[in-house]
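*Asks:* I have a structure here, written as structure tokens, and I will follow up with some questions on it.
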Amino acid sequence: MNYKIHKAETRGHANHGWLDTHHTFSFADYYDKERMNFGALRVLNDDIVQPGMGFGTHPHADMEIVSIPLRGALEHKDSLGHVSIINKGDVQVMSAGTGVRHSEYNHSRSEDVNFLQLWIFPRKGQLQPRYDQKTFVEEDMRNTFCLLVNPDTLGGLYIHQDAWLSLGIFDPGKTFQYSLKNEKSGVYLFIIEGEISLADQVLSKRDGIGIWDVSEIKFSAQSKAQILCIEVPLIVND
């Protein structure tokens, strides 16, 4: 097994007042040639947006965009005609494809919103843009990985890539495992909350670890831990 750890404090960071953001991979003004992506996973941003503020209308193309609120409510509008609000427990997927414009705002006027946004390279370019969202219940994440996003039509939300995103909430003192769906994949674990031990390393809140050359991953929860598991191709198609 090969792995690379990204400690929380090594992420790129910018505080614009209305937006406090951390970047696991190079993004905007943060650039590190050693941290451009993990296979098809191009962006993993951890954003906190102040009440009533947000990202004005802006374009995207040829990217699969996944948004996961951790607290608060995120308001979305796009050029496909979708107007929606996603809350904690919801997951949103937007395939930018041939081109889409959208805006994202904190729906609340009194509380901030904290959400993760991931960009994943699609299997191929110039696809038809699409949008979807779904609500997931916490009970389905207890001591197991609940499938959020996948390339199949059964369960979760569809994505134009051989990628599987899962979320789990694990009790302390137990060992758990994740079996890869594709032998050509790698897995990136992002510790949202808590602490785990994996590969003789201790990973804490907002740490990340990219793992490859393995068929399954075993870890132990040192405290109650919430983990986002991102399985993606290591080689990005043209």
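Values quoted throughout were computed directly from the atomic coordinates according to the rules given, and no laboratory measurement underlies them. A quick note: this is a predicted structure, and the numbers were derived from the prediction, not measured. Because the Cβ atoms are built from the backbone with ideal geometry, glycine has one as well, and the counts that use them run over all protein chains shown.
*Asks:* For region 138-233, what's the radius of gyration and Dmax over Cα atoms, in angstrom?
*Replies:* 12.7, 37
*Asks:* Return, for the Cα atoms of region 78-237, the radius of gyration and Dmax in Å, separated by a comma.
*Replies:* Both quantities, over Cα of region 78-237: 16.6, 49 Å.
*Asks:* Considering only the other residues whose Cβ falls under 14 Å of the Cβ of Thr135, what net charge follows from Lys and Arg at +1 and Asp and Glu at -1?
*Replies:* Details: positive: Lys88, Lys134; negative: Asp90, Asp132, Glu138, Glu139, Asp140.
So the environment of Thr135 carries a net charge of -3.
*Asks:* Same structure again: Given points 7 Å out from each Cα along the Cα-Cβ axis, report the Glu9 to Lys205 separation in nanometres with one decimal.
*Replies:* It is 1.5 nm.
*Asks:* Which longest run of the chain has no exposed loop site in it, a site being GluC sites (Glu not before Pro) in a DSSP loop with at most 10 other beta carbons within 10 Å, and the site itself not part of the run? Present the calculation step by step, with values, prior to reporting the outcome.
*Replies:* Numbers: sites that count: Glu34, Glu183.
That would be 35-182.
*Asks:* Restricting to region 121-238, compute how many DSSP beta bridges are antiparallel as a %, nearest 5.
*Replies:* Working: 33 of 36 bridges.
Roughly 90 percent of the beta bridges in region 121-238 run antiparallel, per DSSP.
*Asks:* For a 27 Å ceiling on Cα separation, which of these pairs sit above it: Lys77/Lys184; Lys33/Lys184; Lys7/Lys88?
*Replies:* Values: Lys77/Lys184 35 Å; Lys33/Lys184 23 Å; Lys7/Lys88 25 Å.
As for pairs spanning more than 27 Å Cα to Cα, those are Lys77/Lys184.
*Asks:* Let me ask something else. What is the extension gain from Ser110 to Lys33, computed as 0.36 nm multiplied by their sequence separation minus the C-alpha to C-alpha distance, in nm to one decimal?
*Replies:* Details: separation 77, 0.36 × 77 = 27.72 nm, distance 3.84 nm.
This chain segment gains 23.9 nm when fully extended.
*Asks:* Excluding Leu180 itself, what net charge comes from residues whose Cβ is under 10 Å from its Cβ, given Lys and Arg +1 and Asp and Glu -1? Each step should come with its number before you reach the end.
*Replies:* On the way: positive: Lys181, Lys184; negative: Glu183, Glu216, Glu231.
Spelling it out: positives minus negatives among the neighbours equals -1.
*Asks:* Using just the Cα positions, wrap region 1-156 in a convex hull and report its mean projected area in square nanometres, one decimal place.
*Replies:* Working: hull surface 42.6 nm².
Quarter of the Cα hull surface area: 10.7 nm².
*Asks:* Then there's this: Report the Cα centroid-to-centroid distance between region 162-191 and region 1-78 in angstrom, as an integer.
*Replies:* 20 Å
*Asks:* So what does log10 I(q)/I(0) come out to for region 18-100 at q = 0.18 Å⁻¹, using the Debye formula with one equal point on every Cα and no solvent?
*Replies:* -0.94
*Asks:* Just going by the charge dipole of the chain, with Lys and Arg at +1 and Asp and Glu at -1 on Cβ, which of Ser103, Met1, Gln177 is farthest out on the positive end?
*Replies:* Final value for the positive-end residue is Ser103.
*Asks:* Mind putting a number on the dipole of region 12-135 about its Cα centre? Charges go on the C-beta only, +1 for Lys and Arg and -1 for Asp and Glu, and I need it in Debye to the nearest 20. Don't jump to the answer; show the numbers that get you there.
*Replies:* Working: 12 positive and 15 negative charges, 79 e Å.
Magnitude of the dipole: close to 380 debye.
*Asks:* Here's a follow-up. With springs only between Cα atoms under 10 Å, which of Gln126, Gln226, Gln201 fluctuates most in a Gaussian network model of the chain?
*Replies:* Greatest mean-square fluctuation among the candidates belongs to Gln201.
*Asks:* P(r) tail for region 72-132, what percent of Cα pairs lie past 19 Å? Intermediate values should be presented prior to the final figure.
*Replies:* Values: 632 of 1830 pairs.
Across region 72-132, Cα pairs with separations above 19 Å total 35 percent.
*Asks:* Could I ask something else about it? Can you list the trypsin sites (Lys or Arg not before Pro) in region 122-181 that are in a DSSP coil and have 13 or fewer other beta carbons within 10 angstrom? Please list the in-between numbers first.
*Replies:* Working: sites: Arg123, Lys124, Arg130, Lys134, Arg142, Lys174, Lys181; in loops: Arg123, Lys124, Lys174, Lys181.
The qualifying sites are Lys124, Lys174.
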